[in-house]
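A.B. asks: Have a look at the structure that comes next, please.
The values are calculated or read from the model by the stated rules, or taken from the named source; none is laboratory data. Note that the structure is a prediction, hence the values are computed from the model and not measured. For neighbour counting, all protein chains shown are included, and Cβ atoms are generated from backbone atoms with ideal geometry for every residue, glycine included.
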Amino acid sequence: MRMKRFAPLLATAGLLAGALPLLTAGQAAADPAGPADPAVQEYGPPKPAWHRCSAEQPASYECATLKVPLDYHKPRGRTLDLAISRMKSPDPAKRRGVLLMNPGGPGGPGLDLPLMADGALPRQVREQYDLIGFDPRGVGASSPISCGLTDAEKEFQRAYRPETYASDVAWARTVADKCREKSGDVLPYITTRNTARDMDAIRSALGERKISYLGYSYGTYLGAVYTQLFPSRTDRFVLDSAVDPQRIWRGMMQVWATEAEPAFARWTRWTAERDADYRLGATPEAVSATFWDLVARADRDPVEFQGQKVTGDDIRRARPLFFTPAQAAPFISALKAAADGRPAPHGAEAVDPARLRAALGGGAAEPSSDNAAAVVWSVLCGDTDAWPRDPERYRRDAERDKARYPLYGDMASTIKPCAFWPRPAEAATPMRLPAGVLTVQNEWDSQTPLVSGQGMHQALRGSRMVTALGGEGHTVYLSDPRSCVNATVDSYLTTGRLPARDVTCTTAPAPAQQRQALPERAPLPFPAAPGLF
């Protein structure tokens, strides 16, 4: 039986081996699938010393710690701890190998994913794999890093305004400076390429010739990088809700803005058809006008709503809601009623305060660790040198995109700490080698929109893509037991056979009574995994 909300793994920011030695240089050169990453050819980790993770968890849930190089180009130098976990196949006779998992992020802890997946995977899939989880380097129990950021400094969704831009530039510089001062000797090595190398160290320590993989959101990019560094060690890979490798990483933020516009237009049509329920307008144009009037009012005079003062910028930060109209409509309806000083329409009044706080980007009520934020910026800034360095470039882009994409364009394109980050230690990973992987995508995904999933599919020659038309929400497999993609993924993980061609199916929206007024996880950063994707 599938776990209905396996995805919480995916909601905030995050990432997911006697030991067989890694391939020698000679073996790598003869590899018909392409060369192994030369940076790890000298490193062979010992077998893990497994132990029960805790007395409160099942005895079958085992944990261990591997030592991995901080810098794989110096394999005998400084090391980091890498926390890993496993749950063995319940039927050794049917076991094929290991299935590594990553929940997304960057910065999402994955140590408990085997516990989640154990009850969620169908039996024919579960029997074939030992389930392997891990906290990626720098995350959770894997030598966690910190920048010493305050809660205010962790907030990256900043609206562009000419009068406050200087303070936004100062914020971006402060985050970069504090990260460098607190963890500067480690930050250059908290990257996707090094996490992919850690995955291969896990493979080696487990004595496996190949690994299979289930990666969500940011985890799709991690999986794609692994296929390029270690093509002959890639078995069955499922990339769910994919990052476009050509957009890392500023472009992935900007695609939130471009794709929010058609989602918003769809929401206005949906809501207009239900004007009797939500009272926001009987035409799409009227709904849009009501929304933008509410935003302008809230900017002038914040709306008192369930113990919070909600500004117009706060409403725009709830951008992900509009990809699921049945979540956005009751929220906006209740918010407008509060602004008007009247009761909310029936069906729009019960907005859970905790979910409201999450939707508005407020996050947890209590101060939290900045570990996720530290990893987010380390990966986003350290993976690629494509970030502009001139604050004026960000200003121009924010002004332009605020006009083009009014819901979120300025927040996507304004200044980020990467403008002041040290130059990356390595170039971004090119997607040159074919990869027979399966990519999975909802049509209405807010965090990795459909065009992003299509970009990954196009980048990985030999891949197949399964698209759920009508599918809403971020992440699909094991997250939505009703999704039409599940059978295709089950078949691929069970047989290893990709579909002969790309698959398009239809997932009907969930019945209204099963929908919630607000999503379970915060839109930004995306909660269950403490990162962005």
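A.B. asks: Hey, can you tell me all the residues within the stretch 464-500 that are touching a Gly at 6+ places or on another chain (Cβ under 8 Å) and either part of a loop (DSSP other than H, G, I, E, B) or farther than 19 Å from Gly453 by Cα (or both)?
C.D. replies: Thr475, Ser479, Asp480, Ser483, Cys484, Val485, Leu498
A.B. asks: Here's something else I'd like to know. From the list Ala117, Ala141, pick out the single residue that is within 22 Å of Leu206 (Cβ to Cβ), surrounded by fewer than 21 Cβ atoms within 10 Å (Cβ to Cβ) and under 20 Å from the mean Cα position of the chain (by Cα).
C.D. replies: Criteria check complete, one pass: Ala141.
A.B. asks: What pairs come out if I take residues in the stretch 372-384 that are assigned to a helix (DSSP H, G or I) and pair them with residues that are surrounded by fewer than 24 Cβ atoms within 10 Å (Cβ to Cβ) and polar (S, T, N, Q) whose C-beta lies under 7 Å away, six or more apart or interchain?
C.D. replies: Qualifying pairs under 7 Å: Ala374/Ser146; Ala374/Ser183.
A.B. asks: Limited to the stretch 201-245, what total is found for residues that are of a type in the set (Ser, Thr, Tyr) and part of a helix (DSSP H, G or I)?
C.D. replies: Looking only at that region, the number is 7.
A.B. asks: Does any residue in the stretch 217-238 that is at pLDDT below 95 come within less than 9 Å, Cβ to Cβ, of a residue that is in a helix (DSSP H, G or I) six or more places away or on a different chain, and which pairs are these?
C.D. replies: Filtered contacts from the stretch 217-238: no entries.
A.B. asks: Here is a further query. Give the stretch 142-167 a look and list any residue that's under 22 Å from Leu532 (Cβ atoms), in a loop (DSSP other than H, G, I, E, B) and not aliphatic (A, V, I, L, M), or say none.
C.D. replies: Matches in the stretch 142-167: Ser142, Ser143, Pro144, Ser146, Cys147, Gly148, Thr150, Glu155, Phe156, Gln157, Arg158, Tyr160.
A.B. asks: If you don't mind, another one. Show the residue pairs meeting these rules: Cβ distance below 6 Å; 6+ apart or different chains; first residue within the stretch 490-504 and modelled with pLDDT of 95 or more; second residue in a helix (DSSP H, G or I) and surrounded by 15 or more Cβ atoms within 10 Å (Cβ to Cβ).
C.D. replies: Partner pairs satisfying both residue conditions: Asp490/Val125; Leu493/Val125; Thr494/Val125; Val503/Thr488.
A.B. asks: Of everything in the stretch 423-453, what is more than 16 Å from the chain's Cα centre (by Cα) and either among the β-branched types (Val, Ile, Thr) or within 16 Å of Ile248 (Cβ to Cβ) (or both)? Give them in sequence order.
C.D. replies: Arg423, Pro424, Ala425, Glu426, Ala427, Ala428, Thr429, Pro430, Met431, Arg432, Val437, listed by residue number.
A.B. asks: Let me ask another. For the stretch 452-502, enumerate the residues that are closer than 16 Å to Tyr213 by Cα and hydroxyl-bearing (Ser, Thr, Tyr).
C.D. replies: The answer is Ser463, Thr475, Tyr477, Thr488, Ser491, Tyr492, Thr494, Thr495.
A.B. asks: Any chance you could count how many residues in the stretch 276-320 are part of a helix (DSSP H, G or I), under 21 Å from Arg158 (Cα atoms) and among the β-branched types (Val, Ile, Thr)?
C.D. replies: 2
A.B. asks: Consider the stretch 400-422. How many of its residues are buried (at least 17 other Cβ atoms within 10 Å of the Cβ) and either among the small types (Gly, Ala, Ser) or assigned to a helix (DSSP H, G or I) (or both)?
C.D. replies: Here the count works out to 11.
A.B. asks: So, in the stretch 98-141, exactly how many residues are among the hydrophobic types (A, V, I, L, M, F, W, C) and assigned to a strand (DSSP E or B)?
C.D. replies: Summing the residues that are among the hydrophobic types (A, V, I, L, M, F, W, C) and assigned to a strand (DSSP E or B) in the stretch 98-141 gives 7.
A.B. asks: Something else now. So which of Ala296, Ala242 is surrounded by fewer than 20 Cβ atoms within 10 Å (Cβ to Cβ) and either over 29 Å from the mean Cα position of the chain (by Cα) or of a type in the set (A, V, I, L, M, F, W, C) (or both)?
C.D. replies: The match here is Ala296.
A.B. asks: Given the criterion buried (at least 18 other Cβ atoms within 10 Å of the Cβ) and either at pLDDT 95 or above or more than 21 Å from Asp401 (Cα to Cα) (or both), identify the matching residue among Ala260, Ala265.
C.D. replies: Testing whether each residue is buried (at least 18 other Cβ atoms within 10 Å of the Cβ) and either at pLDDT 95 or above or more than 21 Å from Asp401 (Cα to Cα) (or both) leaves just Ala260.
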